[in-house]
1. Can you check what the net charge comes to around A318, using other residues whose Cβ is under 15 Å from the Cβ of A318 (Lys, Arg +1; Asp, Glu -1)?
2. Can you give me the long-range amide H partners of L291? Hydrogens built in the peptide plane at 1.01 Å from N, cutoff under 5 Å, separation of 5 or more residues or another chain.
3. Once amide H atoms are placed 1.01 Å from N in the peptide plane, what residues at a sequence separation of 5 or more from V282, or on another chain, have their amide H within under 5 Å of its amide H?
4. Could you sort the peptides 274-281, 54-61 by per-residue average Cβ neighbour count (10 Å cutoff), highest mean leading?
5. For Q180 and M196, compute 0.36 nm times the residue count separating them, minus their Cα-Cα distance, and round to one decimal in nm.
6. Quickly rank 21-29, 246-254 as a protection proxy: mean count of other C-beta atoms within 10 Å, highest first.
7. Can you give me the long-range amide H partners of I237? Hydrogens built in the peptide plane at 1.01 Å from N, cutoff under 5 Å, separation of 5 or more residues or another chain.
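Please treat every number below as a calculation from the coordinates, not as lab data. Fair warning: this is a prediction, and the values are worked out from it, not measured in the lab. With ideal geometry, Cβ positions are generated from the backbone for all residues, glycine too; neighbour counts draw on all protein chains shown.
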Amino acid sequence: MRDSAAATTLSPPTLCTDDAVWFVVLIAQLLGLVIALLLGLPNFWLHLALASLFCHWVGLVGLACLCQLQKRGVDGQARRHWVLYWGVLSTLGIVALTLGHRLHAWLFPLQAMNDPGTLLMQVAAVLLFAGLLLRYWYLQNALTLRQQATTRAELDALQARLNPHFLFNALNSVAALIRQDPQRAEQAVEHLSDLMRASLRSQQALTPLRQEIELTRAYIWLEQARFGDRLQQDWQIDDRLLDLQVPMLSLQPLVENAVRHGIGPRAEGGTIQITISAAVRVWMIRVKNPLPEQPAEPGNRFALDTLQARGASLLGDAFSLSTRKVSDHFVAQMTFRLPEHWAPDPGQAPPPARE
């Protein structure tokens, strides 16, 4: 396990991206500016143009070569990958340096630099620059992997604390049914099995919204076995959104939070309103529940913290979770960015919300 983790940390970052191209362009231009300043102010703009040309040529050609190596795959250990990448960049740099000297001698014969010592210093500078560039990528990649590992460990810790609470609540619902209605108790066990199976996969995948709704309905069914008529539900669903992807077990924790902190403390119970709708470029899942008559003690946020961290891990900035109090109700809302391919007919009115 330790060797595997080390190999992963040492692996070069993905270079076939727009960010990598812009990074190389920026570094190449800065290097060209430094070279032009070192050559002196006379003919500065010409020196800058030539230096920028060769720096961009080396950088972009080198990036293209490294990208192709990544696409084709390179056998061997991760350390060998770095050595190979350094060799490619260094070779291109030396070739560009040689061509640059030839072009400079042709354009400025009186300023030709034929000193072997100067040439060796420039070659050493090219090798050093290639090494520093790869070192930067190495450190950046290691930092990213370390942050991902830390986030995953925090998610595992939160999930480990959440699952027992969820399981105990569900088992209480089943226990309440065993003597009263054995047939419904059997159905409750089936619902519990579905929910626990989804809980085991909750950190690994996305799931269609329609499946998440089915799991949440199963959870509400279990809780209604305990609360009876005190727990009511009101669903408002835009059917056009049912095939969109959401983190598995993302809606159920919000409903569980509403049951525990909203419905449970109220003697008369209440209604949980679940609204799923679309707006401009985003769509929302909103869970609204009445607040208890007496101010409740500050509760834990295990479910909300886990959901926030897991949603950010799976969807990045395309996901957000917010909570607020509106009059005598508590509202939790998940907001998702609509996928680019999701484009219903602008002239088509949203289908009637269904319960």
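1. Details: positive: R281, R310, R337; negative: D317, E340.
Neighbourhood net charge equals +1.
2. Amide H neighbours of L291, under 5 Å, 5+ apart: H329, F330.
3. Sorted by chain and number, the residues that satisfy this are L338.
4. Numbers: 274-281: 15.2, 54-61: 20.1.
Sorting 274-281, 54-61 by mean packing, highest first, produces 54-61, 274-281.
5. On the way: separation 16, 0.36 × 16 = 5.76 nm, distance 2.38 nm.
So the chain would gain 3.4 nm between Q180 and M196.
6. Values: 21-29: 16.1, 246-254: 24.2.
Top of the packing list down: 246-254, 21-29.
7. I276, R354
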